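First the structure, in the form of structure tokens, and then the observations on it.
The values are calculated or read from the model by the stated rules, or taken from the named source; none is laboratory data. Note that the structure is a prediction, hence the values are computed from the model and not measured. So basically every Cβ, Gly included, is an ideal-geometry build from the backbone, and we count neighbours across all protein chains shown.
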Amino acid sequence: MSADPEWRTVRRVRTHEQVLIQIQERILNGQLRIGDRLPSERELVQVLGVSRNSVREALRVLEAMGIVDAHTGSGRDAGSTVAGRSTDALSNLLRLHMALAQFRLGDLVDVRIELERLAVRQASAEADPAELTQLRSLTEAMTRPGLDHERFHELDSEFHIRLARASHNALAADLMQALRDAVKNEMLAAFARVHDWDAAVASLTAEHLAILTAVEAGQGDKAETLVARHIRGFYDSVGGESPSSD
């Protein structure tokens with residue numbers, strides 16, 4: 001006779017979590033979309049058979065996650081709507097997950113390289129003139145003298161995020177933004193380890209320009225090689241854990 005399957009502890013689900021689950025299910029099955037208004041607190045209390053405190057707690061959690069926007073007061077603008085800030089929610093969750101999981105730097109860099117390769121390869125075929133002009137403006141802004149760590153990080157992040165958006169792959173762009181938001185502190189710490197900051201800015205900007213030039217020329221293979229070398233070289237130069245090579 002085979003052994004009985006292992007008994008598992010039944011998890012108690014708090015009331016506000018049940019409200020969360022119902023709202024999330026409606027988002028997942030397409031009943032709620034960006035911009036849709038949720039029922040009022042009073043309506044949710046009635047249809048779900050829960051307390052107003054439970055509804056409010058669930059809505060506070062969803063707002064903190066960036067899934068809903070809550071508008072206080074009365075009138076047509078009051079209440080909660082499904083937010084259009086999906087990348088904010090993804091960034092927050094990824095930042096927390098990375099802090100708790102403590103991934104190896106090499107794993108992080110390898111994933112970023114593959115994402116960047118995808119972005120530049122598709123951008124080489126899909127980017128429109130306006131997107132390329134915006135990217136070139138960012139590289140020009142990087143040449144301004146006296147950029148501090150924070151400002152250069154803003155420009156650097158914007159360059160890579162806009163490059164991903166120029167691929168016209170919406171998921172890749174959202175993942176890129178979430179990843180860059182999640183590693184902001186690590187990037188600033190890496191910048192602080194640079195001995196000659198002005199030389200580093202000049203070198204990184206030149207690499208950005210070379211990547212962009214390849215994308216503008218439709219040279220996807222070259223752009224992939226350049227962006228991989230750019231990322232791997234930066235982490236090696238600041239003494240980070242060396243990611244695996246191809």
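All of R104, R162 fail the test of being assigned by TED's automatic domain parsing to the domain that holds V194, within 14 Å of the chain's Cα centre (by Cα) and at negative phi, apart from R162.
Residues considered: L138, L163, L171, L175. Of these, the only one that is surrounded by 17 or more Cβ atoms within 10 Å (Cβ to Cβ) and more than 17 Å from T213 (Cβ to Cβ) is L175. Picking from residues in segment 191-209 that are under 25 Å from the mean Cα position of the chain (by Cα) and of a type outside the set (A, V, I, L, M), the one that is farthest from T143 (Cα to Cα) is R193.
Return the residues of segment 118-139 that are in contact with a helix residue (DSSP H, G or I) (Cβ under 9 Å, 6 or more places away or on another chain) and not polar (S, T, N, Q); say none if nothing qualifies.
Step one: list which residues in segment 118-139 are in contact with a helix residue (DSSP H, G or I) (Cβ under 9 Å, 6 or more places away or on another chain), which gives 118-125, 127, 131-132, 134-136, 138-139.
Passing the criteria: L118, A119, V120, R121, A123, A125, A127, E131, L132, L135, R136, L138.
Figure legend. Inter-residue proximity from segment 136-152: first residues of a type outside the set (G, A, S), second residues part of a helix (DSSP H, G or I) and exposed (fewer than 12 other Cβ atoms within 10 Å of the Cβ), beta-carbon distance below 6 Å, spacing 6+ or different chains. No pairs are indicated. Would you be able to say whether some residue in segment 207-220 is in contact with a Phe, Trp or Tyr (Cβ under 7 Å, 6 or more places away or on another chain), in the same structural domain as F103 (by TED's automatic domain parsing) and not charged (D, E, K, R)? Yes, segment 207-220 contains at least one residue that is in contact with a Phe, Trp or Tyr (Cβ under 7 Å, 6 or more places away or on another chain), in the same structural domain as F103 (by TED's automatic domain parsing) and not charged (D, E, K, R).
Determine, yes or no, whether V183 is touching a Leu at 6+ places or on another chain (Cβ under 9 Å), over 20 Å from L108 (Cα atoms) and not acidic (D, E).
Numbers: touching a Leu at 6+ places or on another chain (Cβ under 9 Å): yes; over 20 Å from L108 (Cα atoms): no; not acidic (D, E): yes.
The answer is no for V183.
Only one residue in D128, D88 is in contact with a Gly (Cβ under 6 Å, 6 or more places away or on another chain), surrounded by fewer than 17 Cβ atoms within 10 Å (Cβ to Cβ), free of Cβ contacts under 8 Å to residues at least 40 places away in the same chain and not hydroxyl-bearing (S, T, Y). Which one? Break it down stepwise before answering.
On the way: D128 fails: in contact with a Gly (Cβ under 6 Å, 6 or more places away or on another chain).
Result of the check over D128, D88: D88.
Which residues, counting only those in segment 91-125, are among the small types (G, A, S) and without any contact (Cβ under 8 Å) to a residue 12 or more places away in the chain? Step through it out loud before you land on a result.
Taking segment 91-125 first, the residues among the small types (G, A, S) are 91, 99, 101, 106, 119, 123-125.
Passing the criteria: A99, A101.
So, in segment 95-151, exactly how many residues are part of a helix (DSSP H, G or I) and modelled with pLDDT of 90 or more?
In the first step, residues of segment 95-151 are kept if they are part of a helix (DSSP H, G or I); the result is 95-101, 105-126, 129-141, 149-151.
Remaining after also requiring modelled with pLDDT of 90 or more: 110-126, 129-141, 149-151.
So the count comes out to 33.
When segment 178-230 is filtered for residues that are among the β-branched types (V, I, T) and crowded, with 19+ Cβ neighbours inside 10 Å, the ones remaining, listed by number, are V183, V201, T205, I211, V215, V227.
Does A199 count as modelled with pLDDT of 90 or more, within 22 Å of H97 (Cβ to Cβ) and part of a helix (DSSP H, G or I)?
Working: modelled with pLDDT of 90 or more: yes; within 22 Å of H97 (Cβ to Cβ): no; part of a helix (DSSP H, G or I): yes.
No: the conditions fail for A199.
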